[in-house]
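Visitor: First, the structure itself, so that you have it in front of you.
The values are calculated or read from the model by the stated rules, or taken from the named source; none is laboratory data. What you see is a predicted model, and the numbers here were worked out from it, not measured in a lab. Cβ atoms come from the backbone with ideal geometry, glycine included; neighbour counts cover every protein chain shown.
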Amino acid sequence: MKSYLKATVLILIAYAAAGCLQNRQLVTSHRPGPEPTSVASSPNHPEETRALAGEYAGNRAGWEQTPPASQVGIHMSGEARRESKDTQQILDEALEFCQTSQDFWGHGDFENAIAALDQAYNLILRADTNDNPKLIQQKEDIRFMIGKRMLEIYASRHIVAKGNHDAIPMVMNRYVEKEIKLFQGVEKEFFVSSYKRSGRYRPEILKALKEAGLPKELSWLPLIESGFKVKALSRARALGLWQFIPSTGYKFGLKRNEWIDERMDVTKSTLAAIDYLKELHNIFGDWMTVLAGYNCGETRVLRVIRNQNINYLDNFWDVFEKLPWETARYVPRFLAALFIINDPERFGFDRKDLDLPQSYTKVTVAKQMRLKDIAKAIGISHTSLEDLNPELRHKATPPDSYDLKAPRGKRALLIVRLDEIPVWTPAKRLYAYHRVRRGETLSHLADRYRTSVRAIAAANHIRRRGFIRVGQRLKIPLRGKGRVYAKARKAVNSGQSGSIIHRVKTGDSLWLLARRYNTNTREIIRLNNLKTTRLHIGQRLVIRRGTDAVQTGADTNTYQVRRGDSPYEIARSHNMKLEQFLRINDLTPRSKIYPGQVLAVEIR
């Protein structure tokens, strides 16, 4: 039996040859297949094929004129007939060959499954998209699906050999016994506390696993991964109940930015883990190997399997001994936990009372607030609100819309008191920006701006502190001012109290008006139903005072444009970022400025 890696290399070589040989023709045996006008799902039909088939369903008017896709490799009546088809028809036909391959695979016909994918790939090579974005996307989607199908087919051929792999086999051997003894000894406190914490999250996990059709035993996987701690962080930077590293989390849809890390969101990370487990099961076919792949990655496990000269599913523990040490413990450790949980008295454990499951409701908020301010407004402890929203990295809602979890029964009160909760602006660090001139060094700049060489080097990722170049733009952290905290403002009533009418003057911009009246540009746009950010002299604006945090950053001044000025030169002369200069003046990179025009600049 050929190794998995060798099969993959052969696939890539075949695809490269297909790209060079445009007249390649596949000749295989004629097999009756599904009608081309239907895309029926088979038991092993993955979700993406159904999605693509549904997406392209509206573009299939030409199927009656195309040959049945199940006739893999049957020649068309001349090259001219192939060329006469439009690109959409070619892509539709390629998609149908992908479905046909899936049907062959479902019936165990590996050779024709591969041949159908070869034909699909040959078709998309002929598809001329003519720079049409929609067609390009369809072509790339099909190309990706072909590659994934090819790997799945070879994986199933060389890995999934026989047997029913829908259940997790409860094997007791010396490896499992060793882990049980550890849980009974030095790790007993960890096991007991983790088991108790499971009550908070496991009901929700169980529900999601049941809906996905996965074994309920997988609901105990977070006990081994994180001890049911939503903020558990490993040495490999894996985070959350399910211990996702950033790249894997991103692959399965977990968002991570300055304000949110959804790896710590129980609901979202559970759904991502389910998707990952499903993908691994499609590759390996049995849950023992899936668990190993979840711990160290499918690539590492496949490499070990490739080097085996036996059908490893007959004895998974032969592969187990060749896995990395941490992964080698992972499967028996999980099985040991299941044995103890299923019969705690047998192993010297008591059935402890579990923590109560989380009960919450969601409220959509659209402003930035600290969780402790929200908790105070609705009469609960801030720690309970933080426990419901662990994905909030700064214990505050993000500046855009966010679905906040609140204790059940507090939804109405929170909605009523949202306007009373003060807006919060995070801590800001003040910086100056400096263009390096001839003869300047980091020590000179540190003395000039009253900071340190180390601070400048860290802010600009400079490893060799004596190396800067003429023209380089440096970000200089200002000492003394350190961090400047914006004061949370008190909310105003929802009516028009505190509102004024402002007549636009020369040099006004939404940004300057927002700073002057302690509000924000979005509020001004909303109150005046503005369709654009451009203002005209004499325009009347309704402005509500005090609807944003007090800005404590750099002050602004006005600058009158002179002949020969450009936005870049003005920003540079005032040690400003060009982007910042354009933004505070409501300009774009294509905007033109004129002599006499008054613009805002920051005072450093």
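To keep it simple, each residue is scored yes or no on (1) at pLDDT below 95; (2) under 19 Å from R333 (Cα atoms); (3) outside any helix (DSSP H, G or I).
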| site | (1), (2), (3) |
| --- | --- |
| V186 | yes, yes, yes |
| E189 | yes, yes, no |
| S193 | yes, yes, no |
| G199 | yes, no, no |
| P203 | yes, no, no |
| E211 | yes, no, no |
| L214 | yes, no, yes |
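Visitor: Follow-up question, since we're still on this one. From the set of residues in segment 341-371 that are touching a strand residue (DSSP E or B) at 6+ places or on another chain (Cβ under 9 Å) and of a type in the set (K, R), which is nearest to E262 (Cα to Cα)? Show your work before the answer.
Guide: Taking segment 341-371 as the starting set, the residues that turn out to be touching a strand residue (DSSP E or B) at 6+ places or on another chain (Cβ under 9 Å) are 358-366, 368-371.
Now narrow it down to the ones that are of a type in the set (K, R): 362, 370.
Numbers: K362: 16, R370: 18 Å.
Taking the candidates together, the pick is K362.
Visitor: Out of all the residues in segment 182-226, which are within 30 Å of the chain's Cα centre (by Cα) and small (G, A, S)?
Guide: Step one: filter segment 182-226 for residues within 30 Å of the chain's Cα centre (by Cα), giving 194-195, 197-226.
Those that are within 30 Å of the chain's Cα centre (by Cα) and small (G, A, S): S194, S198, G199, A208, A212, G213, S219, S226.
Visitor: List the residue pairs whose Cβ atoms are under 6 Å apart, where the first residue sits in segment 180-203 and is aliphatic (A, V, I, L, M), the second is surrounded by 19 or more Cβ atoms within 10 Å (Cβ to Cβ), and the two are 6 or more positions apart or on different chains.
Guide: Short answer, once both residue conditions are applied: I180/A336.
Visitor: Then there is this: Could we say that P222 is touching a helix residue (DSSP H, G or I) at 6+ places or on another chain (Cβ under 9 Å) and either within 27 Å of D286 (Cβ to Cβ) or of a type in the set (V, I, T) (or both) here? So that I can check it myself, show each step before the final result.
Guide: On the way: touching a helix residue (DSSP H, G or I) at 6+ places or on another chain (Cβ under 9 Å): yes; either within 27 Å of D286 (Cβ to Cβ) or of a type in the set (V, I, T) (or both): yes.
It is true that P222 is touching a helix residue (DSSP H, G or I) at 6+ places or on another chain (Cβ under 9 Å) and either within 27 Å of D286 (Cβ to Cβ) or of a type in the set (V, I, T) (or both).
Visitor: Run down V416, V423 and say which single residue is without any contact (Cβ under 8 Å) to a residue 12 or more places away in the chain and at negative phi. Full working, then the answer.
Guide: Values: V423 fails: without any contact (Cβ under 8 Å) to a residue 12 or more places away in the chain.
The conditions single out V416.
Visitor: Quick one: is E140 at pLDDT below 85 and part of a helix (DSSP H, G or I)? Walk me through it before giving the result.
Guide: On the way: at pLDDT below 85: no; part of a helix (DSSP H, G or I): yes.
In short, no.
Visitor: Could you tell me which numbered condition R435 fails, if it satisfies all but one of (1) more than 30 Å from G471 (Cα to Cα); (2) touching a residue at least 60 places away in the same chain (Cβ under 8 Å)?
Guide: Status for R435: all satisfied but (1).
Visitor: Kindly establish whether I468 is among the aliphatic types (A, V, I, L, M), at pLDDT 75 or above, out of contact with any Cys (no Cβ under 6 Å at 6 or more places or on another chain) and within 29 Å of D373 (Cβ to Cβ). Full working, then the answer.
Guide: On the way: among the aliphatic types (A, V, I, L, M): yes; at pLDDT 75 or above: yes; out of contact with any Cys (no Cβ under 6 Å at 6 or more places or on another chain): yes; within 29 Å of D373 (Cβ to Cβ): no.
No; evaluated as a whole, the condition is false for this residue.
Visitor: Okay, next question. Quick one: is A232 modelled with pLDDT under 90 and of a type in the set (A, V, I, L, M)?
Guide: Details: modelled with pLDDT under 90: no; of a type in the set (A, V, I, L, M): yes.
Spelling it out, it is not the case that A232 is modelled with pLDDT under 90 and of a type in the set (A, V, I, L, M).
Visitor: Next up: Can you tell me which residue within segment 261-282, out of those that are under 11 Å from the mean Cα position of the chain (by Cα) and not basic (K, R), is nearest to L302 (Cα to Cα)?
Guide: So the residue we want is A272.
Visitor: Scanning segment 314-356 for residues that are charged (D, E, K, R) and within 24 Å of E298 (Cβ to Cβ), which turns out farthest from the chain's Cα centre (by Cα)? Please lay out each step first, then the result.
Guide: So in segment 314-356, the residues charged (D, E, K, R) come out as 314, 318, 321-322, 326, 329, 333, 343, 345-346, 350-353, 355.
Now restrict to residues that are within 24 Å of E298 (Cβ to Cβ): 314, 318, 321-322, 326, 329, 333.
Details: D314: 37, D318: 36, E321: 34, K322: 32, E326: 26, R329: 29, R333: 29 Å.
Here the answer is D314.
Visitor: Mind checking which residues of segment 253-282 are crowded, with 19+ Cβ neighbours inside 10 Å, in contact with a helix residue (DSSP H, G or I) (Cβ under 9 Å, 6 or more places away or on another chain) and either modelled with pLDDT under 85 or not in a helix (DSSP H, G or I) (or both)?
Guide: L254, D261
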